[in-house]
1. Kindly check whether there is at least one residue in the stretch B:241-258 that is within 14 Å of chain C (Cβ to nearest Cβ), touching a strand residue (DSSP E or B) at 6+ places or on another chain (Cβ under 9 Å) and either over 22 Å from residue B:158 (Cβ atoms) or of a type outside the set (D, E, K, R) (or both).
2. Those residues that are more than 13 Å from every other protein chain (Cβ to nearest Cβ) and surrounded by fewer than 16 Cβ atoms within 10 Å (Cβ to Cβ), I need them from the stretch C:85-113; list them, please.
3. With the condition kept exactly as written, say whether any residue in the stretch A:243-256 is among the acidic types (Asp, Glu), touching a residue at least 40 places away in the same chain (Cβ under 8 Å) and not assigned by TED's automatic domain parsing to the domain that holds residue A:147.
4. Which of the residues that make up the stretch C:191-223 are among the small types (Gly, Ala, Ser) and assigned to a loop (DSSP other than H, G, I, E, B)?
5. For the stretch B:295-313, which positions are more than 20 Å from the chain's Cα centre (by Cα) and either in a loop (DSSP other than H, G, I, E, B) or β-branched (Val, Ile, Thr) (or both)?
6. Does residue C:208 satisfy the condition of being closer than 21 Å to residue C:145 by Cβ, in contact with a Phe, Trp or Tyr (Cβ under 8 Å, 6 or more places away or on another chain) and surrounded by fewer than 21 Cβ atoms within 10 Å (Cβ to Cβ)?
7. Quick one: how many residues across the stretch C:211-227 are under 24 Å from the mean Cα position of the chain (by Cα) and in contact (Cβ under 8 Å) with a residue 24 or more places away in the chain?
8. Determine if the stretch C:51-64 includes at least one residue that is more than 21 Å from the chain's Cα centre (by Cα) and at pLDDT 90 or above.
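The values are calculated or read from the model by the stated rules, or taken from the named source; none is laboratory data. The structure presented is a predicted model; accordingly, all values stated were derived computationally and were not measured. FYI the Cβ positions are ideal-geometry reconstructions off the backbone, even for glycines, and counts take in every protein chain you see.
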Amino acid sequence: MRIEVEHHSRYRFTEPQARVVQLLRMFPDDTDNQTVVAWRIDVDCDARLRESRDGYGNLTRMLYAEGPLETIGITISGEVLLSDNPRRLEGADEPLPPAFYLRTTPLSAADAAMTAFAQEAAGSGDDQVRTARIVEALHGRFTIERRRGDGVLPAAEAFAGERASPRDLAQMLVACVRVIGLPARYVSGYSLGGCARRERPAPHGWAEVYLDGQGWQMLDPTVGGAPGLDYVRVAAALDSAGAAPISGTRIGHGDEELDVDVAVGLLGRER
Amino acid sequence: MAMLSRTAASLYWLGRYVERADFIARLVEATVRLDALSARPAGDAAWASALSVTYTEDAFAETGLSVTQADVARFLTCDRSHPGSILWCLDVARNNAKAVRTALTRDAFSAINRAWLQFNTPTAGDEPAEVLGLVEGIKAETRGFEGAVHRMMKNEATWFIQLGAAIERADNTARLIDVKYHLLLPEGEKVGGVVDRDQWTTILQTVSAVTAYRWLYNEGLRPSLVIELLLSRGEVPRSLAACVAETVEMLNLLGKRAGLQGEADRMARTRLARMQKTRADEVIVSGLHEYLNAFIRENAMLDAAIARQFRFI
Amino acid sequence: MKRAAFDEIWGHGGPQASGPELEALARWMRETPERELGRRLQSAEATFRQLGITFAVYGETEAAERIIPFDVVPRAFLADEWERLSRGLIQRVEAINAFLNDIYGERRILKENILPPELIWGNPQFRSEVVGIRPPHDVWAHICGIDLVRTGPDEFWVLEDNARTPSGVSYMLENREAMIRLCPELFRQMRIAPVDSYPDLLLETMRSVSPNGCVRNPVCVVLTPGHFNSAYYEHSFLADSMGIELVEAADLLVDDDVVYMQTIAGRVKVDVIYRRIDDDFLDPLVFRPDSMLGVPGIMAAYRAGNVTLINAPGNGIADDKAIYSYMPEIVRFYSGGEPLLPNVETWRCREPQALKYVLDNLDQLVVKLVDGSGGYGMLVGPTASRAEIEAFRAALVAEPHRYIAQPTLALSTVPTMTDKGLSPRHVDFRPFVLTGSGGVKVVPGGLTRVALREGSLVVNSSQGGGTKDSFVLLPDTPAPAGSKQQQSQGGMPQTQGEG
């Protein structure tokens, strides 16, 4: 399967900024599951970009732009060729062992209610079955807001509500899976969700869970059951903040506003 | 290696705030003396004008206190709640000194620290003698600081402190003349009474120019001569002419070291050239108040230009 | 019967010295009137206050700037004691550097099952943000402060390693300045190794680890959180005595993965940063996003190899209290030999058997939070009240993994000026160890902290501790016969050693 992605981000500032420094995690890497055919980044102002890789193994770029800046727009566009079995991650750069992903963070911490929920949902059985039950239970518990474009909530906060975005669900899944003692991580990327083309105000989010003997398994609580074959994996981390497409700082007064448009399209199956 | 912009900014503000603390100390001292010589309610008027000179009438009005020596003297010395008190100036000066202590000698830092310590354990009451004692102590420490700065290596650090002091002094002197002249010469009134004489002496004391006046003018106190002295006599360190010249000199030294000149240099040189042609008697005829207000505005613009040129932000 | 603690000058008696080397010091204490010692002490404290050598106690107002009490009686190490200590310190710091290089790199120590892996992976001090980074010249812990205690003539123990941003070196230098000024006679009567080369040595260390591509004179700076920080005096003191800039985060900016400082003449590239800011606050893009103290992009510059950070981010995993109990194994693994400096025996309460022992002996032990510091979150069993012990018992049962316990050591004492004259007080010791590209160096001196309250074992300055100068005596170098030096020494007849 061949997928094209276009991802626009535009920051608008109420007052001109003297400098903007951003850390971008918007660059998919080649794995056994995906091959990046083409990928480019365009910034609509003078900026310096520096490539690197973070501690989780994600590809990153630093963006340095000098002001005065009233707005800054970043466009990602590319094509990725997906293999027929993306559900089990193989061939990714893994600088950290699975045991590291047992750690929790403030964003992905489960509170008492979530802990009880996760344990009850998981029940007994082998790890694969238990995680599948958690995915189903989370999927069934929330009304999914696919069109919400704002940030990802801390897991415990999201759990207290009735509606959740796909990325909130992913963060909650990570928290719940760690409750039952399995390594889990948050993944940021793009998916078609079975359509030929879809537009969204945010990238997609899902989770990976490490099962002994089976490696890192992909789970998408937005879908509930088995995920499709149309996922482009971009960045993974302990929580949503660690995998966020853009972390930024700026020097200047005033507020900022972020507009995001993501378009994902099917380019046709390979022969 | 060029100096850090933040260090430069702190030194500049250190210079300004020490100068301001010193000025307020002199003002309080001179006002205590004037008050002692005057009959009520002239004494209260003297304290009211002290508030006016330090731009603190509004802040003082908010306290609800009455304009008496005890309350105003305490307000201008030990009240941390507003930027027109000695204590506030010393707080800020000491914070700036701490932020740049590597650029200062131990002597210079100790002088500020001692002044601050002295004021943070004030034992003085409201009696004139006690106020004078406190103020005398501050003057001694600020003199000590100036001395220590003069003994420092002649480099950017001393020049920024002196630049800040010159800009601050210019503002203080201009404001002092403006307020006092207004107060002393209500329109149409003649000058020369006994009270006036004390008033004019107060001005000279505040800028420590009593002796200078005697040296330069072989006659009794005449307002026009006092104005001339404070406006255009470069020999008197606190005159506007001296401040303007020192500003140019410090900017010159800094420019030579950094190898570049800018907006602030141009503004300061233009001001000096104009100042050299200024005659006090003409200023008085055409409107001293307007002249001084324009001077204070221009001084503030120069301050902003300095901040931009040396990237203080 | 409780035996009195070992006194480093008086031994178990007094006021005579325990050995001939320290007799000069003991005599000085006998012969200087206490009133005179008290006067000198006051003079020293007045100077410290005037210089602004103060620290702020957290939770108090700004006006509560205090000086750390200074004691005028020094402690002294004999030349051969120091020689043995130094070897132990060098071995330990080399192991700390090797461990950091390994744990953020190959992880041989885990592959060979020397450490339980969960101790690393679950430990917040192991920073994923640092994984994959090789610091210039593979040096991680450039400046270490190793906290030692002593229980007898030849018994030194490591209490704690400090491989992040150890402080206190300014006290080593300022206390020495004060002693030279106040008690010059001591420096004539004893041959004391100077400590004033520390700033030069530190600068040399910094320059030696500048980034590899740095051809010209490296630009070195000290990065401080600002003058409201409790250790600001030390930051400015170090920058000043090395003759380098003291910068705050706002002075630095990163462009194109290169760090610059903002000067009145424009940007200047920075090569080596001695940062006195914790990892968490270093870079809001990588660590805590709400940090106002940090420099956005500084970790990218570091990862790209364009700047050296001293000490390296991520070092907390080496001086963590949970790791501490494995230090003997760590030293053995990397040095191939036995540790020259022993650890204090430590029970890890995460281990059920250890926990049982600790709960049964709470009134004998010192219990510490694994992630606590500054003497907070600590129980000293023998001096604690019933209620305090019970509170700790409950905490231990609830979260055993957060605690370790150690025996209450009979810390050595040094005579100290008190209200009632000279009297022994417990001390500890923090020597400073520098590691550059050329190896490890120990400065002959350090920070001696003294518990001023009688019988107290808590030396932290935030809890009523003071400081003393720490003399290291130079070895008796037999002067050539008939040399002028020998004549000028005078005083006591000296027996020359053999050979």
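1. Scanning the stretch B:241-258 turns up at least one residue that is within 14 Å of chain C (Cβ to nearest Cβ), touching a strand residue (DSSP E or B) at 6+ places or on another chain (Cβ under 9 Å) and either over 22 Å from residue B:158 (Cβ atoms) or of a type outside the set (D, E, K, R) (or both).
2. Across the stretch C:85-113, the qualifying residues are C:87, C:108, C:112, C:113.
3. Checking the stretch A:243-256: at least one residue is among the acidic types (Asp, Glu), touching a residue at least 40 places away in the same chain (Cβ under 8 Å) and not assigned by TED's automatic domain parsing to the domain that holds residue A:147.
4. C:193, C:197, C:210, C:213
5. Listed by number, the residues that qualify are B:310, B:311, B:312, B:313.
6. Spelling it out, it is not the case that residue C:208 is closer than 21 Å to residue C:145 by Cβ, in contact with a Phe, Trp or Tyr (Cβ under 8 Å, 6 or more places away or on another chain) and surrounded by fewer than 21 Cβ atoms within 10 Å (Cβ to Cβ).
7. Count: 7.
8. Within the stretch C:51-64, not a single residue is more than 21 Å from the chain's Cα centre (by Cα) and at pLDDT 90 or above.
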